[in-house]
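Asks: Sharing a structure below in structure tokens format, with a few things to ask.
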């Protein structure tokens, strides 16, 4: 049975994938698109794996990877904002994705901190 965070991470990745389809097609955006696809999907995948962790340490390790990947995802989203602002992109959705990535970083970080205690 999926928990709320698993579902939230999945929905976030779906939104990132859909947003990336709207970016202008050029060499620079291809690099960003590839990196963001990898980091955002890795976040959800690692959290899914954490749910079946073989130990507490394995669970923490997978959630730490998920957190690291969400931090990278936030970086790429902020880079899009800094370099494509004013161009033909859905700036409202970009802002929402940035805000959601920040919240997810806080949640994942809290899970790591509380589980390590």
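What follows draws every value from the coordinates through simple rules; no lab data is involved. The structure presented is a predicted model; accordingly, all values stated were derived computationally and were not measured. Glycine gets a Cβ as well: all are built from the backbone with ideal geometry, and neighbour counts include every protein chain shown.
One line per residue, one yes/no per condition, for (1) surrounded by 18 or more Cβ atoms within 10 Å (Cβ to Cβ); (2) within 30 Å of residue 117 (Cα to Cα); (3) under 11 Å from the mean Cα position of the chain (by Cα):
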{"residue": "17", "(1), (2), (3)": "no, no, yes"}
{"residue": "21", "(1), (2), (3)": "no, no, no"}
{"residue": "36", "(1), (2), (3)": "yes, no, yes"}
{"residue": "51", "(1), (2), (3)": "no, yes, no"}
{"residue": "87", "(1), (2), (3)": "no, no, no"}
{"residue": "95", "(1), (2), (3)": "no, no, no"}
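Asks: So which residues in the range 53-66 are part of a helix (DSSP H, G or I) and surrounded by 14 or more Cβ atoms within 10 Å (Cβ to Cβ), if there are any at all?
Replies: 59, 60, 61, 62, 63, 64, 65, 66 - these are the residues of the range 53-66 that are part of a helix (DSSP H, G or I) and surrounded by 14 or more Cβ atoms within 10 Å (Cβ to Cβ).
Asks: Let me ask something else. Could you give me the residue pairs with C-beta distances under 7 Å whose first residue belongs to the range 64-90 and is touching a residue at least 40 places away in the same chain (Cβ under 8 Å), whose second residue is in a loop (DSSP other than H, G, I, E, B) and surrounded by 15 or more Cβ atoms within 10 Å (Cβ to Cβ) wherever it lies, and which are 6+ apart or on separate chains?
Replies: 89/23
Asks: Continuing with this model, one more query. Test each condition in (1) within 25 Å of residue 3 (Cβ to Cβ); (2) in contact (Cβ under 8 Å) with a residue 24 or more places away in the chain; (3) over 18 Å from the mean Cα position of the chain (by Cα) for residue 113 and report the one that comes out false.
Replies: (2)
Asks: Taking only the range 97-117 into account, find how many residues are in a helix (DSSP H, G or I) and out of contact with any helix residue (DSSP H, G or I) (no Cβ under 8 Å at 6 or more places or on another chain). Show your work before the answer.
Replies: Residues of the range 97-117 in a helix (DSSP H, G or I): 97-116.
If we keep only those that are out of contact with any helix residue (DSSP H, G or I) (no Cβ under 8 Å at 6 or more places or on another chain) as well, we get 99, 103, 106, 110, 113-114.
So the count comes out to 6.
Asks: Continuing with this model, one more query. Here are some conditions: (1) surrounded by fewer than 18 Cβ atoms within 10 Å (Cβ to Cβ); (2) in contact with a helix residue (DSSP H, G or I) (Cβ under 7 Å, 6 or more places away or on another chain); (3) over 17 Å from residue 83 (Cα atoms). Residue 40 meets all but one. Which one does it not meet?
Replies: So the condition that residue 40 fails would be (1).
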